[in-house]
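Comments concern the structure below.
The values are calculated or read from the model by the stated rules, or taken from the named source; none is laboratory data. If you're wondering where the values come from, they're calculated on a predicted model, not measured in any experiment. Backbone-built Cβ (ideal geometry, glycine too); neighbour counts: all protein chains shown.
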Amino acid sequence: MKLLGQGLYWDELKVGDSFRTHGRTITETDIVNFINCTGMLEVLFTDAEFREKHSAIKGRVAPAALTYAIAEGMLFVTLIQATGLAFLHAEMDVKGPVVAGDTIHVELEVTEIRPTHKGDGRGLVRTRNRIINQRGETVLVYTPLRLLKGSTAATSSDPLQ
């Protein structure tokens, strides 16, 4: 029986494959919860008066780390659910702000694929991920290298194995 929501195996992908997630609106609650959970109590995130007087960004700004984390969450439940094994490396470039009320989605392209040297059926996959807001502006770009399961796991009696 096919498991719904199963991510892709590294050997099902090819360089040049492109994907897009659904959108997600960043809310004031998302921002408040994230800064409180992480301790990012920078006045830019917590003090409306300071923000109004000193920030070049209008609105309740979201930390770039929140934008990245939400993008990763959107990919977890689509691209790598039960196939992702490790996040190994990434470079990140913040291009613009995200504020409460912005809706973001992720567009990614597979840029590198290779089997691991261990011959264990696992592979390394690098993608170029662009986080884009509702105005079509790229707000963040990152290039994760992930360790993914191979399709040999699909023949196991336990699809999560």
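When you check residue 111 against the structure, is it among the hydroxyl-bearing types (Ser, Thr, Tyr), farther than 24 Å from residue 144 by Cβ and in contact (Cβ under 8 Å) with a residue 40 or more places away in the chain, yes or no? Can you show your working first?
Numbers: among the hydroxyl-bearing types (Ser, Thr, Tyr): yes; farther than 24 Å from residue 144 by Cβ: no; in contact (Cβ under 8 Å) with a residue 40 or more places away in the chain: yes.
So residue 111 does not fit the description; no.
Within the range 129-151, how many residues turn out to be in a strand (DSSP E or B) and in contact with a Lys or Arg (Cβ under 7 Å, 6 or more places away or on another chain)? Spell out the reasoning first.
To start, the set of residues in the range 129-151 that are in a strand (DSSP E or B) comprises 129-133, 138-142, 145-148.
This time we only want the ones that are in contact with a Lys or Arg (Cβ under 7 Å, 6 or more places away or on another chain), so: 138-141, 145, 147-148.
Matching residues across the range 129-151 total 7.
Restricting to the range 78-96, name every residue that is touching a Gly at 6+ places or on another chain (Cβ under 8 Å) and either at pLDDT below 95 or assigned to a loop (DSSP other than H, G, I, E, B) (or both).
So in the range 78-96, the residues touching a Gly at 6+ places or on another chain (Cβ under 8 Å) come out as 78-84.
78, 79, 80, 81, 82, 83, listed by residue number.
For the range 131-146, give me each residue that is buried (at least 16 other Cβ atoms within 10 Å of the Cβ) and more than 16 Å from residue 68 (Cβ to Cβ).
Scanning the range 131-146 gives no hits.
Would you check if residue 78 is within 17 Å of the chain's Cα centre (by Cα), among the polar types (S, T, N, Q) and within 20 Å of residue 101 (Cβ to Cβ)? Show your work before the answer.
Values: within 17 Å of the chain's Cα centre (by Cα): yes; among the polar types (S, T, N, Q): yes; within 20 Å of residue 101 (Cβ to Cβ): no.
Answer is no for this residue.
Taking the criterion of being at pLDDT below 95 and of a type outside the set (A, V, I, L, M), would at least one residue in the range 64-73 satisfy it?
No; the residues of the range 64-73 include none that is at pLDDT below 95 and of a type outside the set (A, V, I, L, M).
Filtering the range 8-60 down to residues that are polar (S, T, N, Q) and touching a residue at least 12 places away in the same chain (Cβ under 8 Å), which residue is surrounded by the most Cβ atoms within 10 Å (Cβ to Cβ)?
Once the filter is applied, the top-ranked residue is 21.
Anything in the range 97-130 that is surrounded by fewer than 15 Cβ atoms within 10 Å (Cβ to Cβ) and among the small types (Gly, Ala, Ser)? List them, or say none.
101, 119
Step by step: first the residues of the range 1-34, then only those that are of a type in the set (D, E, K, R) and more than 26 Å from residue 114 (Cβ to Cβ), then the one that is modelled with the lowest pLDDT. Which residue is that? Walk me through how you get there before you give the answer.
Kept after step one, since they are of a type in the set (D, E, K, R), are these residues of the range 1-34: 2, 11-12, 14, 17, 20, 24, 28, 30.
Add one more test, that the residue is more than 26 Å from residue 114 (Cβ to Cβ), and what stays is 2, 24, 28, 30.
Values: 2: 71, 24: 98, 28: 96, 30: 98.
So, considering only residues that are of a type in the set (D, E, K, R) and more than 26 Å from residue 114 (Cβ to Cβ), the one modelled with the lowest pLDDT is 2.
Could you list all residues from the range 31-56 that are within 26 Å of residue 128 (Cα to Cα) and aliphatic (A, V, I, L, M)?
31
With the structure loaded, tell me whether residue 14 is in a loop (DSSP other than H, G, I, E, B) and under 21 Å from the mean Cα position of the chain (by Cα) or whether it fails that test.
Details: in a loop (DSSP other than H, G, I, E, B): yes; under 21 Å from the mean Cα position of the chain (by Cα): yes.
When the stated conditions are applied, residue 14 passes them.
Looking for something surrounded by 19 or more Cβ atoms within 10 Å (Cβ to Cβ) and part of a loop (DSSP other than H, G, I, E, B) - is there at least one such residue anywhere in the range 69-77?
There is no residue in the range 69-77 that is surrounded by 19 or more Cβ atoms within 10 Å (Cβ to Cβ) and part of a loop (DSSP other than H, G, I, E, B).
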